[in-house]
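Asks: Following this message is one structure expressed as structure tokens.
Any read-out appearing in this document is the output of simple, stated calculations on the displayed coordinates, not a laboratory observation. No experiment lies behind these values; they were computed from the predicted model shown. Cβ sites come from the backbone with ideal geometry, for glycine too, and all protein chains shown count toward neighbours.
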Amino acid sequence: MYGFINTCLKSLVIDRFGEETWDKLRDSARVQDTFMTYEVYTDNITMQLVTEACKMLRKQSVVLGQFGEYFFEFCKRAGYDHMLRTLGGNLFEFMENLDALHGFLSLSYKEMNAPSFRVEKNNDGTLLLHYYSDRRGLCHIVPGPIHNDPRCVLMSPSWMLLWNDRLKSLLSQPSCCTPDFLSSGNIRGIPTLAFYYRSCWEKSIWMLVNTGEQPVYPDNLCIDLKTFCNAFPFHIVFDEELQVRQAGVTIQRIVPGLQSRCSQLDQYFNIQHPQVTFNICSIRKFINSHFVLRTRRDRMPMAWRERPMLELRGQMLWMTPLRCMLYLASPLLRSLQELEEHSMHLSDIAPHDATRDLILLNQQRLAEMELSNQLERKKEELHQLSKHLEEEKQKTENLLYAMLPKHVANQLKEGKRVEAGEFEECTILFSDVVTFTNICSECEPIQIVSMLNSMYLKFDRLTTIHNVYKVETIGDAYMVVGGVPIPMSSQTERVANFALGMIIAAKEVTNPVTGGPIQIRVGLHSGPVLAGVVGEKMPRYCLFGDTVNTASRMESHGLPDKIHLSPNVYQNKGYQMEERGEIEVKGKGRMRTYFLQRNLKVTESEIMGLLVPNADSDRKMNHSTQASQLLHYSPSLKGLLNVSLLFGYQS
């Protein structure tokens with residue numbers, strides 16, 4: 001089927017059930033999201049969509065019925081409303097000309113395999129619609145367009161103004177077009193269905209309009225046979241036995257066998273449309289349909305064996321006095337290219353035949369369709385490129401946020417200058433790996449990289465949990481700050497809890513030399529700093545001041561698996577600490593320092609941001625309510641702790 005059908009189905013699902021339903025349906029059917037209007041797709045794609053829609057939404061008959069109704073509206077929106085409105089003056093004429101509509105559309109949709117319709121008018125005012133299709137399971141679509149109030153399309157208010165009150169009254173009568181499934185069967189292996197339509201009109205409106213106008217017929221036909229055969233070069237007259245009695249001059253030249261008065265029409269042609277058996281009875285049943293006949297290759301001259309077979313499209317007229325059928329036809333050619341492929345010229349077509357103009361006009365239309373296809377493809381490519389661009393933009397932003405604080409990165413993206421700022425109070429942490437130099441000398445470089453990567457991944461996760469900013473990593477050194485670039489009163493507690501988490505996380509990293517866990521030293525100090533962005537090609541957010549130097553000294557003068565604190569950090573309560581005493585600190589003289597041992601309010605699992613199966617019932621401190629929130633968290637980044645609630649942090 002053409003992409004137009006699949007696009008209509010997509011539009012129906014989105015309009016009636018929402019974008020999310022379409023995404024689920026598309027994923028379930030495993031089909032693409034967009035379809036090109038003039039591109040042919042396998043029927044399997046459409047049937048997969050229909051099957052999955054029936055599973056997700058409603059039963060098949062309801063879904064297909066809704067599709068039929070929606071398809072009618074979709075065609076109107078696509079610009080086919082004028083075409084539908086002019087098909088006929090009433091329901092009978094509308095359905096009678098559906099095949100003609102499909103025949104016209106086949107000029108644009110060359111590979112269209114359309115269904116066929118035949119309508120009968122019964123004496124009781126009902127209409128019997130026959131539906132023929134080689135696609136099984138789609139019969140419930142047929143009543144949809146008829147249900148969708150055909151009078152809204154078939155009648156225009158401007159027409160009513162031209163007629164008298166009686167005709168206005170007839171036109172304003174409510175529609176009673178209700179289909180009833182009647183029977184099924186097959187013709188030439190094609191499944192058929194029949195529907196009854198009860199119509200409020202027992203006579204055609206146009207018959208009432210034309211009442212009193214009788215044509216005048218001459219006593220004798222004022223045209224000789226030679227002129228007729230030249231004027232209609234592709235006509236064929238055949239009797240009830242399909243024996244050819246007469247043929248136009250051009251079709252005789254193309255199919256020389258028709259020059260014989262005893263030739264059988266079905267020996268030289270096959271009926272392509274409608275799908276009926278080749279006999280006079282079947283043809284008369286479809287007398288109001290257009291007929292497409294194709295020449296048979298085995299009966300064509302040798303020169304035609306390598307060419308495409310010629311197709312004729314025209315009307316069958318039953319001549320009762322002669323008991324013969326007149327087939328008034330024209331060659332079914334859509335473009336100048338097809339004309340050349342058949343080794344024919346425009347002069348082979350009668351001057352009065354609109355096929356001449358149709359070929360030339362359709363040549364331009366085919367060029368416009370190709371441009372439309374290219375535009376659709378470019379539009380889809382642009383959509384995909386925009387999607388990829390957004391993904392790459394998100395990756396770039398994530399990389400930028402990893403290098404700089406988010407609000408600083410946003411200012412740089414907007415082209416603003418980020419001024420350096422002074423922060424009166426912050427807490428800085430440094431850490432390094434004990435005996436890192438010895439480890440490097442005894443291991444392969446890839447082992448060192450693997451060890452550091454494993455350790456830093458755990459540390460980076462903790463920065464997210466405790467909302468502290470990682471300033472930089474140099475070799476085995478890891479630098480973190482709290483209270484910068486966004487000041488907060490709880491910055492010391494955040495950094496202290498982060499330090500406790502680092503000691504726990506480091507024990508999960510293997511020393512490639514000893515095979516045991518690595519050991520780290522951690523140092524903390526609080527005080528004022530100056531912070532700002534340094535550099536343009538590779539901008540970095542850097543901290544300056546004596547606080548940075550003192551924090552580094554706390555780390556370098558620390559002990560393995562210990563968190564070394566300066567007196568400024570010791571002032572914070574709620575932690576168990578051990579006094580180290582006075583030590584000589586390079587560049588600082590003698591300082592009284594401390595070791596941070598644990599947080600008295602939360603457990604190690606809570607500090608690590610892990611899922612807590614049960615809250616400790618023995619803990620009766622004020623923090624118990626906050627800690628119970630951990631029951632809702634998981635180790636993944638999506639489920640990281642809301643540390644402001646858990647630890648009682650104040651912004």
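Asks: List the residues whose amide H sits under 5 Å from the amide H of H525, counting only those 5 or more places along or on another chain, with H placed 1.01 Å from N in the peptide plane.
Replies: For H525, the qualifying residues are I428.
Asks: Please report the net charge: other residues with Cβ closer than 9 Å to the Cβ of K10, K and R +1, D and E -1.
Replies: Its environment carries a net charge of 0.
Asks: Another one. Report, by chain and number, residues whose modeled amide H sits under 5 Å from the one on Q519, excluding near sequence neighbours (fewer than 5 apart, same chain).
Replies: V434
Asks: So, one more: Looking at the range 486-570, which GluC sites (Glu not before Pro) are DSSP coil and have at most 11 other C-beta atoms within 10 Å of their C-beta?
Replies: Of the GluC sites (Glu not before Pro), the ones in loops of the range 486-570 whose Cβ has at most 11 other Cβ atoms within 10 Å are E536.
Asks: HN-Hα J couplings of the range 502-515 from phi, Karplus 6.51/-1.76/1.60, θ = phi - 60°, integer Hz, Gly and Pro as x?
Replies: Taking θ as phi minus 60°, the curve returns 4, 4, 5, 5, 4, 5, 8, 9, 8, 6, x, 8, 8, x Hz for the range 502-515.
Asks: Under 26 Å Cα-Cα from K588, which lysines qualify once same-chain neighbours fewer than 8 residues away are excluded?
Replies: Candidates past the 8-residue exclusion: K470, K562, K573.
Asks: So what are the ³J(HN,Hα) numbers for the range 551-566, from phi and the Karplus equation (6.51, -1.76, 1.60; θ = phi - 60°), rounded to whole Hz, Gly and Pro as x?
Replies: 4, 5, 5, 4, 6, 5, 9, x, 10, x, 6, 10, 9, 8, 10, 8
Asks: Could you order the peptides 415-425, 85-95, 331-341 from most to least packed, using the average number of other C-beta atoms within 10 Å per residue?
Replies: So the peptides 415-425, 85-95, 331-341, ranked by packing, come out 85-95, 331-341, 415-425.
Asks: Using θ = phi - 60° and the Karplus relation 6.51 cos²θ - 1.76 cosθ + 1.60, list the HN-Hα couplings for the range 428-436 in order, rounded to whole Hz, with x at every Gly or Pro.
Replies: 10, 10, 10, 9, 8, 8, 5, 6, 5
Asks: Still on this model: Could you pull out every residue, at least 5 positions away or on a different chain, whose amide H is within less than 5 Å of the one on V585? Hs are placed 1.01 Å off N in the peptide plane, and Pro or chain starts have none.
Replies: R590, M591
Asks: Order the peptides 127-140, 351-364 from the highest to the lowest mean number of other Cβ atoms within 10 Å of their residues. Don't jump to the answer; show the numbers that get you there.
Replies: On the way: 127-140: 18.1, 351-364: 14.2.
Put in order of decreasing packing, that is 127-140, 351-364.
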